[in-house]
1. Let me spell out the model: positive unit charges on the Cβ of Lys and Arg, negative unit charges on the Cβ of Asp and Glu, origin at the Cα centre of the range 35-175. What dipole size does that give, in debye rounded to 20?
2. Compute the separation of the alpha-carbon centres of the range 410-441 and the range 294-336 and state it in Å as a whole number.
3. Using alpha carbon centroids, what distance separates the range 1-73 and the range 218-292, in Å?
4. Hey, if you drop one equal point scatterer on each alpha-carbon of the chain and run the Debye formula without solvent, what base-10 log of I(q)/I(0) do you get at q = 0.10, 0.12, 0.13 Å⁻¹?
5. Just rank S290, S236, fewest to most, by other beta-carbon atoms within 10 angstrom.
6. Cross-link candidates for K386: which lysines have Cα within less than 16 Å, leaving aside residues fewer than 8 places away along the same chain?
7. For the chain, the longest stretch holding no GluC sites (Glu not before Pro) located in a DSSP loop with at most 16 other Cβ atoms within 10 Å is which?
8. Compare the Cα positions of A95, P216, A296 along the charge dipole of the chain (+1 at Cβ of Lys, Arg; -1 at Cβ of Asp, Glu; about the Cα centre) and return the one farthest towards the positive end.
Amino acid sequence: MDAPVRTPESLDLFVNATQQFERAQAWIDGIKDGIINFLINPKRTIHVRFPVRMDDGSIQNFHGFRVLHSDVRGPGKGGIRYHPDVTEAEVTALAAFMTWKTAVVNIPYGGGKGGVVCDPKKLSRDELRGITRRFVAELGDNIGPYTDVPAPDVYTNAQTMAWIYDTFNQLHPGENNLAVVTGKPLEIGGSLGRDEATARGSWYATEQLLRRGAVPGLESLEGARVAVQGYGNAGSIAARLFNDAGAVVVAVSDSRGGISNDEGLDPRAVLAHKEETGSVVGYPGAMPISNEDVLAHDCDILIPAALECQVRVDNANDVKAKLIVEDANGPLTAAADEILQRRNVVVLPDILANAGGVVVSYFEWVQNLENQQWDLEKVEKRLKKKMCQAVDETVDRLTELQERFKGGVNKGKSGPTLRDAALVSAIKRVATVVMQRDIWP
Ligand code: NAD
């Protein structure tokens with residue numbers, strides 16, 4: 001019988017983020033406890049409550065958050081989500097992931113995240129505009145080009161970012177405020193390539209990981225069978241890019257269910273079907289399957305690109321993939337990670353796999369500050385370089401940790417993973433800057 005899982009399972013994302021941090025911390029010496037504590041916990045959490053006039057003339061009150069997890073290496077950076085289930089714990093965990101993500105790919109930002117508790121599917125455009133403008137006004141100078149820079153996340157988009165920019169600009173006339181937010185429409189300072197950046201970055205990272213021989217039994221994407229959970233921005237574009245690189249997409253899903261075809265699905269045709277009908281379900285020439293079936297589908301690469309905590313203790317043993325590419329943030333619990341490690345399933349962790357989005361957000365911010373517009377070729381070339389460098393550093397770090405493990409470091413514990421390696425590099429990068437800047441005053 002398998003030994004019991006040592007990591008207690010929690011579906012609270014911040015607990016998972018802390019469990020991951022503590023695992024990585026075991027590989028790091030020489031950082032004072034006070035600094036570790038400073039690195040784990042958010043620097044600032046803002047709660048706001050504000051009224052909005054609804055279309056029917058009534059007044060509804062909304063609750064919003066903005067968490068600045070760290071600004072040690074630069075302004076906070078991270079999305080704003082609109083969802084009925086947004087909580088402070090979730091936003092705090094996602095802000096922490098952003099701190100480590102920006103450090104792994106070495107861009108000069110900290111980490112932040114925000115959210116408003118609301119159900120955008122039940123709100124009109126005018127109501128969403130009202131919520132966004134009032135939320136930004138309430139945040140005041142807690143966001144700004146050099147303070148904390150929001151971006152789109154679940155159920156916010158380029159239009160939301162345009163409202164954020166416009167509101168901030170009304171409050172700060174006479175300045176170039178474009179860099180206050182990224183993911184804007186192209187016409188007001190958005191970057192070419194931002195739409196595809198997350199999926200494209202995960203594709204570049206996966207190819208580099210395979211080139212480095214980090215996944216036993218999988219040398220390239222040619223003929224690799226891929227299953228994708230979630231068919232939105234990250235999932236549908238990843239399916240297309242992996243398919244175009246020679247992989248065979250055998251199963252995909254969205255919130256309504258999944259479909260599979262072992263001969264291969266055409267990702268563009270599946271997207272066209274989803275755009276026409278609202279779901280991938282019902283796509284002709286495919287078998288209907290459940291969402292759980294997609295995670296357990298017979299494939300080489302599984303790409304969770306939907307929600308948090310999808311692979312857990314109760315289904316981690318069903319995963320058949322050799323490699324999991326975390327396009328979503330936090331799709332695996334820390335306890336599931338431990339099971340997958342025992343089963344030799346390699347996990348390309350979220351803070352590296354989906355960092356392409358924030359890398360191109362950084363490019364947008366640079367273009368805004370310089371009043372430039374880069375062409376697509378330049379964006380993609382620079383994104384590829386960033387992603388490949390980060391993968392190389394992470395694989396090299398893993399080799400170093402494996403050597404130390406063989407030498408007796410962390411004896412009795414499970415060996416290092418790619419997530420540990422990415423986090424060790426990220427934590428060291430942030431901690432180094434804390435120590436160089438030194439404690440103020
Ligand atoms: P999206 O809203 O465009 O798409 C989400 C998809 O997930 C939709 O197809 C939806 O139907 C599907 N979904 C919802 N519940 C599901 C369920 N229970 N089972 C299967 N599918 C389900 O969102 P997105 O931008 O693609 O983001 C997806 C994930 O990727 C999130 O975790 C997000 O934080 C992460 N991410 C996105 C970006 C980005 O730039 N878009 C960057 C980094 C990380």
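Just so it is clear, none of the values below were taken in a lab; they were calculated from the coordinates. Quantities reported herein were computed from a predicted structural model and do not represent experimental measurements. Every residue, glycine as well, gets a Cβ built from its backbone with ideal geometry; the counts of neighbours run over all protein chains shown.
1. Computed about the Cα centre, the dipole is about 220 debye.
2. 25 Å
3. 32 Å
4. -0.69, -1.01, -1.19
5. Neighbour counts put them in this order, fewest first: S290, S236.
6. K101, K378
7. My reading of the result: 264-441 is the longest stretch.
8. It is A95, whose Cα lies furthest towards the positive end.
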